[in-house]
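Written out below as structure tokens is the structure these notes cover.
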Amino acid sequence: MTSPLKKPTNQFLIPHFRSPSLSLAHAFSSGKSRLLRLFRDCCGRMAGHKIVHATLTGPSVVKEILIGITLGMAAGGLWKMHHWNEQRKVRAFYDLLEKGEISVVAEE
């Protein structure tokens, strides 16, 4: 005869309760803390300790410098294109003014 306290081989997939009177429906109905206590009772510890997390590495200085240079060149290129477009508009305006096709004096 097996003891009700014996843990199964895969303790995270097969629920094991130390108290037979404690059920999942009762745990869910009585709140989060009761459910956490049930989980600790059936598994012996929280599952978060078994999860493998990615190791965080520090910033790569070379990568950040290259990204900064790339973003700076892209922003600078867009600014220069905007500047050249405005310069072209001003030059066209003064050419038309010099040819006499337009005037800055209001006609009466």
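The values are calculated or read from the model by the stated rules, or taken from the named source; none is laboratory data. These numbers come from a predicted model, not from an experiment. Counting neighbours? That spans all protein chains shown, and the Cβs are built from the backbone with ideal geometry, glycine included. Surface accessibility is based on the protein's heavy atoms, side chains included, excluding ligands, DNA and RNA. Shrake-Rupley method; radii C 1.70, N 1.55, O 1.52, S 1.80 Å.
Things worth noting here:
- Residue 78 accessible area, assembled protein chains, probe 1.4 Å, Å²: 120 Å²
- The order of 98, 108 by accessible area, most exposed first and with a 1.4 Å probe, is 108, 98.
- Positive minus negative residues near residue 91 (Lys, Arg vs Asp, Glu; Cβ under 14 Å): 0
- In this rough spin-label picture, where each label sits 7 Å from Cα along the Cβ direction, the residue 60-residue 74 distance is 1.7 nm.
- Residue-span extension gain [residue 104 to residue 89] - 0.36 nm each, minus C-alpha spacing: 3.8 nm
- Qualifying trypsin sites (Lys or Arg not before Pro) in region 60-108, where qualification requires a DSSP coil assignment and no more than 10 other C-beta atoms within 10 Å, are lacking entirely.
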